[in-house]
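In what follows, a single structure is set out as structure tokens and then discussed.
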Amino acid sequence: VDNLRLAEGYQQIIWTDAASHQYLEEAGTMNIFVRIGDTLLTAPNNDRILNGVTRRSVLQLAKDAGVNIEERRISVKELNDAAENGTLKEIFGSGTAAVIVPIKGYKHKEFKYELPNLDDSYAERFKSALKDIQYNRADDAHGWRVKI
């Protein structure tokens, strides 16, 4: 599977739930975010999905920006339907080491989809905001920086 995935140009795997393989859970070892329309979706926490600090930070920054957020199960069918009808705008992973990694495209069975390049990318907006807070270039309204 890994050699085929790499040969086709994919660098990561989006994991689905173990019981039915119908719902997105993670992108590799990162939390996954999906933007359909202007709504930001992410899978809810459970015994397999970590409520990581970067995930929580992205959700808080999205709330601060007035972005509509839904923490709920995201089905593969919903993702594919949104891709087909043009409402899927972006997918990205978040994690401590990676911060935020945009996903450029995906394949599910024979269905392939390349995500559009956006001027208003949530991934880029929130990654920049997080880095600005980390490097003391922006106010830390939530008390995330800790002097050590």
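Given the criterion modelled with pLDDT under 90 and among the aliphatic types (A, V, I, L, M), identify the matching residue among 101, 146. Spell out the reasoning first.
On the way: 101 fails: modelled with pLDDT under 90.
Only one candidate passes the filter, namely 146.
How many residues does segment 36-45 contain that are outside any loop (DSSP other than H, G, I, E, B) and open to solvent by 10 Å² or more (accessible area, probe 1.4 Å)?
Step one: of segment 36-45, the residues outside any loop (DSSP other than H, G, I, E, B) are 36, 39-42.
Next cut, open to solvent by 10 Å² or more (accessible area, probe 1.4 Å) only: 36, 39.
Residues flagged as outside any loop (DSSP other than H, G, I, E, B) and open to solvent by 10 Å² or more (accessible area, probe 1.4 Å) within segment 36-45 amount to 2.
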Subject >> Unmet criterion (only one of (1) surrounded by 17 or more Cβ atoms within 10 Å (Cβ to Cβ); (2) in a helix (DSSP H, G or I)) for residue 132 >> reply: (1)
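With respect to residue 50, is the statement that it is touching a residue at least 24 places away in the same chain (Cβ under 8 Å) and not basic (Lys, Arg) true? Full working, then the answer.
On the way: touching a residue at least 24 places away in the same chain (Cβ under 8 Å): no; not basic (Lys, Arg): yes.
Spelling it out, it is not the case that residue 50 is touching a residue at least 24 places away in the same chain (Cβ under 8 Å) and not basic (Lys, Arg).
In segment 66-81, which residue that is in a helix (DSSP H, G or I) and in contact with a strand residue (DSSP E or B) (Cβ under 9 Å, 6 or more places away or on another chain) is farthest from residue 49 (Cα to Cα)? Give the derivation first.
Residues of segment 66-81 that are in a helix (DSSP H, G or I), as a first pass: 76-81.
Narrowing the set further to residues that are in contact with a strand residue (DSSP E or B) (Cβ under 9 Å, 6 or more places away or on another chain) leaves 76, 78-81.
Numbers: 76: 17, 78: 20, 79: 19, 80: 22, 81: 24 Å.
The extreme case among them is 81.
Yes or no, residue by residue, for (1) of a type in the set (Gly, Ala, Ser); (2) in a loop (DSSP other than H, G, I, E, B); (3) in contact with a helix residue (DSSP H, G or I) (Cβ under 6 Å, 6 or more places away or on another chain):
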{"residue": "24", "(1), (2), (3)": "no, no, no"}
{"residue": "48", "(1), (2), (3)": "no, yes, no"}
{"residue": "62", "(1), (2), (3)": "yes, no, no"}
{"residue": "83", "(1), (2), (3)": "yes, no, no"}
Original post:
Which ones in segment 19-34 are closer than 17 Å to residue 127 by Cα and either open to solvent by less than 10 Å² (accessible area, probe 1.4 Å) or of a type in the set (S, T, N, Q) (or both)?
Top reply: 27, 31, 32, 33, 34
Original post:
Exactly one of (1) surrounded by fewer than 20 Cβ atoms within 10 Å (Cβ to Cβ); (2) at pLDDT below 95; (3) of a type in the set (Ser, Thr, Tyr); (4) farther than 26 Å from residue 19 by Cβ is unmet by residue 54. Its number?
Top reply: (1)
Subject >> Residue check for residue 111: in contact with a helix residue (DSSP H, G or I) (Cβ under 9 Å, 6 or more places away or on another chain), among the aromatic types (Phe, Trp, Tyr) and modelled with pLDDT under 90 >> reply: yes
**OP:** Could you tell me which numbered condition residue 78 fails, if it satisfies all but one of (1) under 14 Å from the mean Cα position of the chain (by Cα); (2) surrounded by 15 or more Cβ atoms within 10 Å (Cβ to Cβ); (3) charged (D, E, K, R)?
**Re:** (1)
Original post:
Would you pick out the residues in segment 96-129 that are open to solvent by less than 50 Å² (accessible area, probe 1.4 Å), touching a residue at least 60 places away in the same chain (Cβ under 8 Å) and either in a loop (DSSP other than H, G, I, E, B) or among the aliphatic types (A, V, I, L, M) (or both)?
Top reply: 98, 103, 123, 129
**OP:** Might you let me know whether segment 81-95 holds any residue that is open to solvent by 60 Å² or more (accessible area, probe 1.4 Å), of a type in the set (Phe, Trp, Tyr), over 14 Å from residue 37 (Cα atoms) and at pLDDT 90 or above?
**Re:** no
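The values are calculated or read from the model by the stated rules, or taken from the named source; none is laboratory data. Note that the structure is predicted; figures quoted are calculated from it, not measured. Cβ: placed from backbone, ideal geometry, glycine included. Neighbour counts: every protein chain shown. These accessible areas exclude ligands, DNA and RNA; they are computed on the full protein's heavy atoms, side chains included. Shrake-Rupley method; radii C 1.70, N 1.55, O 1.52, S 1.80 Å.
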